[in-house]
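Here is the structure we will look at.
The values are calculated or read from the model by the stated rules, or taken from the named source; none is laboratory data. It should be emphasised that the depicted structure is a prediction, and the values quoted were computed from it without experimental measurement. Ideal geometry is used to build each Cβ from the backbone, glycine not excepted, and the neighbour counts take in all protein chains shown. These accessible areas exclude ligands, DNA and RNA; they are computed on the full protein's heavy atoms, side chains included. Shrake-Rupley method; radii C 1.70, N 1.55, O 1.52, S 1.80 Å.
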Amino acid sequence: MTLRRDQINRHRERARYERAELDAVLDAGHHVGTLSTVVDGRPWVVPMLYGRAGDRILMHGSVGAGALRYVATGAPAALCVMHIDGWVYAHTLFDSSANYRSAVVHGRLYRLSGDAAIQALTQISECLTPGRSAEVPFHTKKQLAATTALAMDIAEGQWTVKVRDAGPGMPEPGEADPGLWTGILPISSAYGHPKTSVNVPADTPVSPSVRAILQPSRRQVS
């Protein structure tokens, strides 16, 4: 029997239960999460780039990574993803907080091979740098041999989503200072101007995939 891991005990009003809300957290931002497991009785935590393809979370790493080989054999693991949207300034430090979106997915990773591994590595790239896979050469046999492709199924009862999106709470009687500002300081992430690498001519046009990423932010690239 699989233990359910979809309950949030503290601030239950912040819990989200729709699968679409999980996908929204996983697909937002830059696809960076924290993967954790236990190896030889000791905690193991590492930041990981990931992608999502339907009901699977995809990750990859070097075949030489010992702990990664461990989770690839089916050890229980969890991936945590969090986005900070703003600092919440209240009348007291105790009541100050943050607005955020977070998700934790529990499961067991398994190694992909053959065409499934090739497809997964391309899908991860498309999540991180959309459109780039069509601009560069296909994976070589050497590159595939050096890379471990992993997947974790998103299963019912094995994930949680928690969201805070509100201003500061009401102060206790006598705590409020009418001259003290309270509110939200939004946090945003934006791309900078592309920097051409030294191994290509300085006037090399920026790739279409990069231009496409910059379009939503309405940045101009000359």
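Ordering Trp181, Trp159, Trp44 from largest to smallest accessible area (1.4 angstrom probe), what's the sequence?
Numbers: Trp181 155, Trp159 30, Trp44 55 Å².
Result, largest first: Trp181, Trp44, Trp159.
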Between the Cα axis of helix 114-128 and the main Cα principal axis of the chain, the angle (0 to 90°, nearest 10) is 40 degrees
What distance in nm separates the two pseudo spin-label positions at Arg4 and Tyr110, each 7 Å out from Cα along the beta-carbon direction?
2.4 nm
May I ask you to list the residues of the stretch 137-173 whose amide nitrogen lies under 16 Å from a point 7 Å from Cα along the Cα→beta-carbon direction of Ser207?
137-140
Taking Rh as the Kirkwood radius, which is the inverse of the mean 1/r over Cα pairs, what is the Rg/Rh value for the stretch 159-210?
1.34
Under unit Cβ charges (Lys, Arg +1; Asp, Glu -1), what dipole magnitude, rounded to 20 debye, does the chain have relative to its Cα centre?
720 debye
Just to be sure I understand the curve: with the Debye formula and one point per C-alpha of the chain, what is log10 I(q)/I(0) at q = 0.08 Å⁻¹?
-0.40
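Report the extension gain between Trp87 and Val198 in nm, rounded to one decimal, defined as 0.36 nm multiplied by the number of residues separating them, less their alpha carbon distance.
That pair, Trp87 and Val198, stretches by 36.1 nm at full extension.
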Candidates Tyr110, Tyr100, Tyr191, ranked by Gaussian network fluctuation over the chain, Cα under 10 Å, top entry
Tyr191
The stretch 64-109: radius of gyration and largest Cα-Cα distance (Dmax), Å
17.3, 51
FRET efficiency (Arg14, Thr129; Cβ distance; R0 35 Å; to 0.05) is 0.65
Contour excess over end-to-end distance, with Cα ends at Thr34 and Arg69 and 0.36 nm allotted per residue:
10.9 nm
For Ala98 and Asp153, compute 0.36 nm times the residue count separating them, minus their Cα-Cα distance, and round to one decimal in nm.
16.8 nm
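Would you work out the relative contact order for the stretch 60-212, in percent, from Cα pairs under 8 angstrom that are 6 or more residues apart?
Details: 205 pairs, mean separation 49.1, N = 153.
Answer for the stretch 60-212 is 32 percent.
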